[in-house]
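Structure, as structure tokens:
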Amino acid sequence: MSWTLPATAPATSGAPETRFDATTGNLHVGNVRTALFNWLFARRQGGSFVLRVNYHGSGNYTLEWVESISNGRYYELEIPDIEAGVDALIARGLVDENMLASMGWSNGAILTTELVTRSPRYKAAAAYAGDVEWISDWGNVDFGAAFDNYYFGASPLEDPGLYIRKSPFFRLGEVTAPTIISTGTADRAVPPSQSWSHYRAMQQIGKTEVRFILFPDEPHQLMKYVHQRRKVEEELAWFDRHLFGTHEEINPALRKGSPLDTVLKLAGVAREGGLYGRRVGTTLVPEVVQLGDAQLVYYPIHRLP
């Protein structure tokens, strides 16, 4: 499904209309380069809805459209575009206005964080590798000066107040959406210090729940399958819990099948003299446990001296 609305704040004359593409899944706010496992959300939560906005500054239109958010207009056109898309879905009765969430990677994470500082209507958020504080970005990113000078129209040396105003870090106290943050420790495009700052601020403010996951030795994009899977599982569980209310609470310090889980299970097994089993008369016999309607015999193999 797709439709068009008038551009919320056209930067130049003749700019195309803002276009919204929607498919089944959760609300998605991300850049145009990644779908961020939308199909998993569609499979996990039937009846949910994904909105992917081709906002000002993104691709598929013209160079003029891409450059429309430069020279200090970063955030000022994209956020209204996204909000207009969400409003259109609500107006058409396609989504529940009380069950909105946002997620994104890189620029999508940047916009997700800005979005939830501006509006309390989002009930959950997921941000992977997104900036929150632009002065340190200018100094620490490989292309920081080139990126920030272009989009903000000045360096922090020339206009430090601009960089503070643009940084959602200083508005994280307004966030009510429980947020899961993740990043790779080897990221040079958006250094992990950005995600650390994001987490630390929300954790210290204590206004809503926040979770932070570091993926060791990963660059800007997750390369290892095990980390890609972990990210998907963590974000699905986060939205299940905070948006859909379907998440089963587990103890994060005691995961099923972990070494500690195994040790604790074995601690309750009947044993005598270091051997597993129960004494019946003079004979050590295997322990019998009930599993539904069946009885199972616990019969470990002992190492003989």
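Taken as a whole, the structure leaves Glu233 outside the set of residues that are of a type outside the set (Phe, Trp, Tyr), at pLDDT 95 or above and more than 15 Å from Ala109 (Cβ to Cβ).
Taking first residues from the stretch 245-264 that are without any contact (Cβ under 8 Å) to a residue 12 or more places away in the chain and of a type in the set (Asp, Glu) and partners that are surrounded by 10 or more Cβ atoms within 10 Å (Cβ to Cβ) and part of a loop (DSSP other than H, G, I, E, B), the Cβ contacts under 9 Å between residues at least 6 apart in sequence or on separate chains come to Asp261/Leu254; Asp261/Arg255. For the stretch 64-76, the criterion of being under 28 Å from Pro160 (Cβ atoms), assigned by TED's automatic domain parsing to the domain that holds Glu235 and under 22 Å from the mean Cα position of the chain (by Cα) is met by at least one residue. Which of the residues spanning the stretch 194-211 are surrounded by fewer than 16 Cβ atoms within 10 Å (Cβ to Cβ) and assigned to a helix (DSSP H, G or I)? Trp196, Arg200, Gln203, Gln204, Ile205, listed by residue number. Of the residues making up the stretch 132-186, those that are more than 26 Å from Leu214 (Cα to Cα) and in contact with a Leu (Cβ under 9 Å, 6 or more places away or on another chain) are Phe152, Gly153, Ala154, Pro156. Take the conditions (1) within 30 Å of Val95 (Cα to Cα); (2) at pLDDT 90 or above; Leu214 misses just one of them, which is (1). Taking the conditions (1) touching an Asp or Glu at 6+ places or on another chain (Cβ under 8 Å); (2) over 20 Å from Arg52 (Cβ atoms); (3) among the aliphatic types (A, V, I, L, M) in turn, Ala146 satisfies each one other than (1).
Being surrounded by fewer than 18 Cβ atoms within 10 Å (Cβ to Cβ), part of a loop (DSSP other than H, G, I, E, B), in the same structural domain as Gly108 (by TED's automatic domain parsing) and without any contact (Cβ under 8 Å) to a residue 60 or more places away in the chain: is that true of Arg229 here?
Working: surrounded by fewer than 18 Cβ atoms within 10 Å (Cβ to Cβ): yes; part of a loop (DSSP other than H, G, I, E, B): no; in the same structural domain as Gly108 (by TED's automatic domain parsing): yes; without any contact (Cβ under 8 Å) to a residue 60 or more places away in the chain: yes.
No; evaluated as a whole, the condition is false for this residue.
From the list Asp148, Asp96, the one residue that fits, being surrounded by 18 or more Cβ atoms within 10 Å (Cβ to Cβ), free of Cβ contacts under 8 Å to residues at least 24 places away in the same chain and acidic (Asp, Glu), is Asp148. Of all residues in the stretch 173-190, exactly one satisfies the criterion of being assigned to a loop (DSSP other than H, G, I, E, B), in contact with a Lys or Arg (Cβ under 8 Å, 6 or more places away or on another chain) and polar (S, T, N, Q), namely Thr176.
Screening Thr18 with (1) farther than 24 Å from Leu243 by Cα; (2) surrounded by 18 or more Cβ atoms within 10 Å (Cβ to Cβ); (3) at pLDDT 90 or above gives one miss only, at (3).
The values are calculated or read from the model by the stated rules, or taken from the named source; none is laboratory data. What you are looking at is a predicted structure, and each value in this text was computed from that prediction instead of being measured. Ideal geometry is used to build each Cβ from the backbone, glycine not excepted, and the neighbour counts take in all protein chains shown.
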